[in-house]
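**Student:** Here you go, one structure.
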Amino acid sequence: MAIPQFLFASQLMTTGLLCNSNVVWITFDGATDFGYLLSLFEGLPVCQVEFWERLGWYFRNWYDLKEMKRELHNGGLERTIQYCGLRRIGTMH
């Protein structure tokens, strides 16, 4: 049985992970996922500028490896991870 989405959002709000400059969020094409969470927290803003501002407020340090890959080189995720000096956790899929 899945956790209800608004219960998940309210629980996430109390963890200390949001609005925290000490937490680093690393994603691969994560804007949609963070946008979904933002819609649960307070609804989506009406313009893109406001979207990025609010996203930056909740997720202070956010890096998207897909965007970095696009900027750095034309390689895959594994190459981007190595370039950034990161360690992969979990299996490739």
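The values are calculated or read from the model by the stated rules, or taken from the named source; none is laboratory data. Everything numeric in this text was worked out from a predicted model, so none of it was measured. Counting neighbours? That spans all protein chains shown, and the Cβs are built from the backbone with ideal geometry, glycine included. These accessible areas exclude ligands, DNA and RNA; they are computed on the full protein's heavy atoms, side chains included. Shrake-Rupley method; radii C 1.70, N 1.55, O 1.52, S 1.80 Å.
**Student:** Rg to Rh for the chain: what is it, with Cα atoms only and Rh by Kirkwood?
**Tutor:** Expressed as Rg/Rh, it is 1.00.
**Student:** Of Phe51, Gly35, Met92, which is farthest towards the positive pole of the chain's charge dipole, taken about the Cα centre with +1 and -1 on the beta-carbons of Lys, Arg and Asp, Glu respectively?
**Tutor:** Met92
**Student:** Turning to a different aspect of this structure: Tell me, what HN-Hα J-couplings in whole Hz come from the Karplus equation 6.51 cos²θ - 1.76 cosθ + 1.60 at θ = phi - 60° for each residue of segment 14-20, using x for Gly and Pro?
**Tutor:** Each residue of segment 14-20 in turn: 9, 7, x, 7, 8, 6, 10 Hz.
**Student:** Which value, in Å³ per residue, describes the convex hull spanned by the Cα atoms of segment 47-93?
**Tutor:** Looking at segment 47-93, the number lands at 117 Å³ per residue.
**Student:** Using the heavy atoms of the protein chains alone and a 1.4 angstrom probe, what is the accessible area of the chain per residue in square angstrom? Intermediate values should be presented prior to the final figure.
**Tutor:** Numbers: 6780 Å² over 93 residues.
In whole numbers, the chain has 73 Å² accessible per residue.
**Student:** Leaving ligands, DNA and RNA out of it, report the carbon-plus-sulfur percent of the accessible area of the chain at a 1.4 Å probe.
**Tutor:** It is 57 percent, rounded to a whole number.
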